[in-house]
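To start, the structure itself, in structure tokens.
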Amino acid sequence: MAAAKFGTSTPIDDPARERQVLDQAASLAGAAGLDVPDTVEFFRAQIEMNKVAQRWLYEKWTQHPELAPTARPDLATEVRPQLDRITGAFIDHLGATADLRRPTPRCTIALVVAEAKTDLRYDLDRLHQRALHGAVGALCG
């Protein structure tokens, strides 16, 4: 997303698109029998953490232009369709894990372990650690 928007007039904050994503998530959640408000909150967290990452990358690329992406993926034909597919996959996974995501110590511990494994597997920097934590923080109820 950041690579598609950086250096263009497209703003990081896009309330109309965010509303579309949240409405789509609500519709898919309802059709899947998921708790709609919880699902919308999950997707809202994804959006907010994505914006945190975009702002950080914009600042980094502005201060160090040599690190900025040299290719810009098309937002409408490449990035957003991929995000729409990911939304559907998230809905499927949320449905498959609904019984595991109750507000219990077991869920909290499993989430902490999963975050740590992800951090180690992908060697996340602080930005991506923060984004991951913020994006999954509400999964346990």
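Results, tabulated for the structure shown:
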{"item": "Residue match in segment 1-15 (condition: over 15 Å from the mean Cα position of the chain (by Cα), of a type in the set (A, V, I, L, M, F, W, C), surrounded by 15 or more Cβ atoms within 10 Å (Cβ to Cβ) and over 27 Å from Ala68 (Cα atoms))", "result": "no"}
{"item": "Inter-residue pairs, beta-carbon under 6 Å, first hydroxyl-bearing (Ser, Thr, Tyr) and in segment 61-85, second part of a helix (DSSP H, G or I), 6+ apart", "result": "none"}
{"item": "Counted residues, segment 71-90 - those being among the aliphatic types (A, V, I, L, M), under 18 Å from Phe43 (Cα atoms) and loosely packed, with under 12 Cβ neighbours inside 10 Å", "result": "2"}
{"item": "Test: residue in segment 111-131 that is farther than 29 Å from Lys5 by Cα, among the hydrophobic types (A, V, I, L, M, F, W, C), in contact with a Cys (Cβ under 9 Å, 6 or more places away or on another chain) and surrounded by 12 or more Cβ atoms within 10 Å (Cβ to Cβ)", "result": "yes"}
{"item": "Condition met for Val79 (among the β-branched types (Val, Ile, Thr), closer than 28 Å to Cys140 by Cβ and at pLDDT 95 or above)", "result": "no"}
{"item": "Cross-chain or 6+ apart pairs with Cβ under 9 Å, segment 127-141 first and under 9 Å from Ala53 (Cα atoms), then among the polar types (S, T, N, Q)", "result": "Ala131/Asn50"}
{"item": "Selection within segment 27-46 - surrounded by fewer than 17 Cβ atoms within 10 Å (Cβ to Cβ) and over 15 Å from His93 (Cα atoms)", "result": "Ser27, Pro37, Glu41, Arg44"}
{"item": "Inter-residue pairs, beta-carbon under 9 Å, first without any contact (Cβ under 8 Å) to a residue 40 or more places away in the chain and surrounded by 14 or more Cβ atoms within 10 Å (Cβ to Cβ) and in segment 91-110, second in a helix (DSSP H, G or I) and not aromatic (Phe, Trp, Tyr), 6+ apart", "result": "Cys107/Leu100; Ala110/Leu100"}
{"item": "Residue in segment 108-127 that is of a type in the set (D, E, K, R) and more than 19 Å from the chain's Cα centre (by Cα) present", "result": "no"}
{"item": "Gln54 vs. criteria loosely packed, with under 15 Cβ neighbours inside 10 Å, of a type in the set (S, T, N, Q) and either over 22 Å from Cys140 (Cβ atoms) or out of contact with any Asp or Glu (no Cβ under 9 Å at 6 or more places or on another chain) (or both)", "result": "no"}
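The values are calculated or read from the model by the stated rules, or taken from the named source; none is laboratory data. Computed from a prediction, not measured in an experiment: that's the story for all the values here. Methodologically, a virtual Cβ is constructed for each residue, glycine included, from the backbone with ideal geometry; neighbour enumeration extends over all protein chains shown.
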